[in-house]
Amino acid sequence: MAIGVFDSGIGGLTVFRTIIKNFKDTDLYYLGDTARVPYGNKSKDTICRYSLECSNFLINNYQIDCLVIACNTASSFALDFLKSKLNIPVIGVVEPGAQLAAKFTENKKVGIIGTIGTIKSNSYYNAIKKIDNKIEIYQNQSPLLVPLVEEGRIEHEITRLAVKEYIAPLVEKGIDTLVLGCTHYPVLKNIIEKIYPNLKLVDSSEAIIPYIVSCLPTDKREEGKRLILTTDETEAFNALKHRLVGDIKLQKVDLKEII
Ligand code: DGL
């Protein structure tokens with residue numbers, strides 16, 4: 001039994017880390033499309049094409065039973081497209097995150113931060129409204145947080161300023177719940193919690209676990225294989241990989257190398 005996870009680059013390791021903790025006896029493969037990151041400012045057509053290439057690579061090389069789109073931007077634009085092209089279960093992060101946000105909010109005011117693409121797509125907005133039309137939703141594109149995480153500026157003053165710049169306008173609207181609608185943002189959870197201790201934070205990486213469980217039959221193997229693949233080698237990837245998942249084997253691949 002195997003689960004494949006793909007992301008535009010490093011950020012999806014936050015999702016992979018949670019999957020590793022929850023699926024000890026399942027083979028887990030992560031593909032970070034580091035050669036073509038970011039997806040956050042690309043068109044829907046391009047994101048669908050890249051997402052299909054990543055998915056096919058994992059399916060054809062590792063016989064995965066279930067595919068997780070860790071990337072919020074790819075989940076926003078390419079989920080339905082991938083479901084129509086692939087014949088294994090495909091899980092995106094938006095619907096699970098929206099469910100959790102609707103569950104968390106007590107005053108029915110939810111904030112969403114994400115990439116330009118994710119916010120423009122209104123994916124979280126529509127998913128939350130579908131669950132509860134009475135929830136008020138406030139969104140903000142927060143693109144600078146991605147390079148700050150990639151630079152390793154996790155607890156830095158400049159990151160604190162950027163966090164306030166993006167989240168303060170949502171807090172002013174009275175939100176009690178904030179969706180961290182981008183793979184990189186869970187890395188900033190501590191700093192966001194320090195600045196806004198009363199906000200409930202939605203981390204989609206935690207929300208997707210029950211969705212994956214429902215797609216997989218139970219497995220009895222002792223310990224699953226773990227492999228991280230990237231389409232380019234970068235120092236930022238290595239640093240964040242070490243921080244989030246330790247010394248899992250890393251291999252550079254070319255997406256044309258399909259067995
Ligand atoms: N993985 C992307 C996301 O969650 C963030 C990085 C990018 O723009 O590719 O939306």
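For the reader, a short list of remarks on this structure follows.
- The condition of being closer than 25 Å to Lys109 by Cα, surrounded by 14 or more Cβ atoms within 10 Å (Cβ to Cβ), away from the ligand (no atom under 16 Å from the Cβ) and not hydrophobic (A, V, I, L, M, F, W, C) holds for only one of Thr183, Thr177, that being Thr177.
- Enumeration of residues in segment 30-70 that are aromatic (Phe, Trp, Tyr), within 15 Å of the chain's Cα centre (by Cα) and within 12 Å of the ligand (Cβ to nearest atom): Tyr39
- Hey, Ile20 crowded, with 18+ Cβ neighbours inside 10 Å, more than 10 Å from the ligand (Cβ to nearest atom), β-branched (Val, Ile, Thr) and part of a strand (DSSP E or B) or not: no
- Candidates Thr118, Thr73, filtered to the one that is in contact with a Cys (Cβ under 7 Å, 6 or more places away or on another chain), of a type outside the set (Asp, Glu) and within 13 Å of the ligand (Cβ to nearest atom): Thr118
- One residue stands out among those in segment 144-155 that are outside any helix (DSSP H, G or I) and at pLDDT below 95: the one that is farthest from Ala239 (Cα to Cα), which is Glu155.
The values are calculated or read from the model by the stated rules, or taken from the named source; none is laboratory data. Computed from a prediction, not measured in an experiment: that's the story for all the values here. Heads up, the Cβs are rebuilt from the backbone with ideal geometry, glycines too, and the neighbour counts pull from every protein chain shown.
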